[in-house]
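A short write-up of the structure that comes next.
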């Protein structure tokens, strides 16, 4: 069966959840970057399709060790979270709860910021994977820090140690982990099944 | 107007729901 041009939002969420929750590895999040065409310029780009954030208790411990965000940075994050919560709850019709007022971890923040990002002309790790049709698997904080990609370097700064981008037909599936995760044929197989992608899993 | 495209709106709603579940399960971060 050929891959659909676009996955529906509900289907996407189910696939992302199944992949992350069912994986042997500890993935912190999964994001599907959707290929689209800018109506004004005709340029193709990858934009936010959907994402699934899992996170771990372990992330918090690692943040403590790393020093975490400053108090000012935490206030900034909470402020943005309150605004976002207000937007999706109809201008503050529902009272903010602990989901808004509690500390925002580095990986949560990285995931939220991702919603604002897009990649044009093969830019960034997701764009490169889409442009070349070859998966990119970057393991280790040092390799992320040295990657020729702002997003990968930003990921490292927020405590991620592994980033994977796999082209899946109408976009790119990105996985991130605060653990060191080496290339896994098993997870590539799951992606192939769940996202119906038929490209080889090695460059 | 709608300040958030539908995909991001749904993603954000899920993010907040999951965050609330995590916090309920493990307690406050601080």
Does at least one position in the range A:146-159 carry a residue that is closer than 15 Å to residue A:28 by Cα, modelled with pLDDT of 95 or more and in contact with a strand residue (DSSP E or B) (Cβ under 7 Å, 6 or more places away or on another chain)?
yes
Residue ID - modelled with the lowest pLDDT, chosen from residues in the range B:9-30 that are facing chain A (nearest Cβ under 7 Å) and more than 12 Å from residue A:52 (Cα to Cα):
B:30
Scan the range A:25-46 for residues that are in a strand (DSSP E or B) and either modelled with pLDDT of 95 or more or within 23 Å of residue A:183 (Cβ to Cβ) (or both) and jot them down.
A:29, A:30, A:31, A:32, A:33, A:46
Report yes if some residue within the range A:10-24 is assigned to a loop (DSSP other than H, G, I, E, B), modelled with pLDDT of 90 or more and more than 15 Å from the chain's Cα centre (by Cα); otherwise report no.
yes
Which of the numbered conditions does residue A:117 fail, given that it passes all the others? Conditions: (1) over 16 Å from the mean Cα position of the chain (by Cα); (2) closer than 22 Å to residue A:54 by Cβ.
(1)
At pLDDT below 65 and under 19 Å from the mean Cα position of the chain (by Cα) - does that describe any residue in the range A:48-58?
yes
Somewhere in the range A:184-196, is a residue part of a loop (DSSP other than H, G, I, E, B), at pLDDT 95 or above and either closer than 13 Å to residue A:131 by Cα or more than 15 Å from the chain's Cα centre (by Cα) (or both)?
no
Quick one: count up the residues across the range A:118-166 that are farther than 19 Å from residue A:186 by Cβ and assigned to a strand (DSSP E or B).
3
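The values are calculated or read from the model by the stated rules, or taken from the named source; none is laboratory data. From a predicted model like this one, the values you see are computed outputs, not experimental measurements. Cβ coordinates were reconstructed from backbone atoms using ideal geometry, including for glycine residues, and neighbour counts include every protein chain displayed.
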